[in-house]
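These notes concern the structure reproduced below.
The values are calculated or read from the model by the stated rules, or taken from the named source; none is laboratory data. These numbers come from a predicted model, not from an experiment. Heads up, the Cβs are rebuilt from the backbone with ideal geometry, glycines too, and the neighbour counts pull from every protein chain shown. Keep in mind that these areas ignore ligands, DNA and RNA; they rest on the heavy atoms of the full protein, side chains included. Shrake-Rupley method; radii C 1.70, N 1.55, O 1.52, S 1.80 Å.
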Amino acid sequence: MKQTHIGFVMSALALGLSIYGLVAQFKPSTATQVVMTQKPASRDTNESYEQIINTLNAQVFNLEARLRIIEQHRVASDSDMVKPPNFEQAVLAVLEQKQAREQEEMRNKDPAYAFYENLPKDYELKLKTDPEYALQTNKDLNAKILDSSLSAHERLSAMGQLQMNMYVLNKTQMRYYNYETVDAILRIAQQSDDEAIKVQALEVITNTPLTDARVAENFVSIIEKEPNEYLRSMAADGLMLQYYQSKNKQPELNLQLAQQILSLYQQGDSKLKNLLKNNMFNEDMLTELNEQVGN
């Protein structure tokens, strides 16, 4: 558009100059006027020439002024233009967008481990060397797990990180890893309408180091009522782990769990029996459980 305006002004300027030249060319010279003494040019004719020349001069001056204004405007606009990013910046921007999409996909696929990408490089060392930092971190994670206003993804991520902290610190018990936190994730596994979330929640909690009769009861409930075979299988693994973990530390709970497992096996239908056999124990284990309860 700017080039069009400049071209127009230049064309008009050239036209004006051409007309000016033609008028000057055809204006009678002084010598001609002297020779043509018999028929001198009239004053009106001379005044007409002068008027045309003055008019053309004014138009040329006006066109030149407009050209200067347009040129100044073009220079100012060019200086205000934002330079496009170079090739390297453009490539980096595309890579960042791609990485962000991949991270989001990973968070949705396995939310319990979404926290990994945000951990500082010295995270584990800081947990081991700074007790106050470890305590505050675990306290914050506990609060997230119990906060029902947060999304299931955020709460699962907090639980995954809290469990990792236990392994990093080589602990099977920790102040802010308790029944309430485990139960909060179990409720997500039992109550969510999203099958993927239910699976991910139970996977996080199946191998919990917390041994508690209430946790075992939740596993039993899932085994008895859950239609999803994979979830029932995971709950069977969790129940069996509760049994093994209670062997040397909680004999009363261990006996109770042996009774629950045998009851499930003896009273369940063939489908439940096959599930327990495939996921929990063989004939040797069955013999051990019977001995445990005094059969």
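Scan the stretch 164-193 for residues that are surrounded by 19 or more Cβ atoms within 10 Å (Cβ to Cβ) and among the small types (Gly, Ala, Ser) and report the count. Going through the stretch 164-193 one residue at a time, the tally reaches 2.
When Glu217 is tested against the conditions (1) open to solvent by less than 70 Å² (accessible area, probe 1.4 Å); (2) closer than 25 Å to Asn142 by Cα, the lone failure is (1). The set of residues in the stretch 228-248 being more than 14 Å from Met285 (Cβ to Cβ) and free of Cβ contacts under 8 Å to residues at least 24 places away in the same chain consists of Asn248 alone. All of Leu141, Leu150, Leu127 fail the test of being farther than 20 Å from Tyr230 by Cβ, open to solvent by less than 60 Å² (accessible area, probe 1.4 Å) and in a loop (DSSP other than H, G, I, E, B), apart from Leu150.
Among the residues of the stretch 122-147, those identified as of a type outside the set (A, V, I, L, M) and touching a residue at least 24 places away in the same chain (Cβ under 8 Å) are Glu124, Lys128, Thr137, Asn138, Lys139, Asn142.
Listed here are the residues, each with its yes/no results for (1) more than 20 Å from Gln173 (Cβ to Cβ); (2) open to solvent by less than 40 Å² (accessible area, probe 1.4 Å).
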| site | (1), (2) |
| --- | --- |
| Ile223 | yes, yes |
| Gln245 | no, no |
| Asn248 | no, no |
| Leu255 | yes, no |
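Within the stretch 228-248, can one find any residue that is more than 29 Å from Arg155 (Cβ to Cβ) and out of contact with any strand residue (DSSP E or B) (no Cβ under 9 Å at 6 or more places or on another chain)? Looking through the stretch 228-248, at least one residue is more than 29 Å from Arg155 (Cβ to Cβ) and out of contact with any strand residue (DSSP E or B) (no Cβ under 9 Å at 6 or more places or on another chain).
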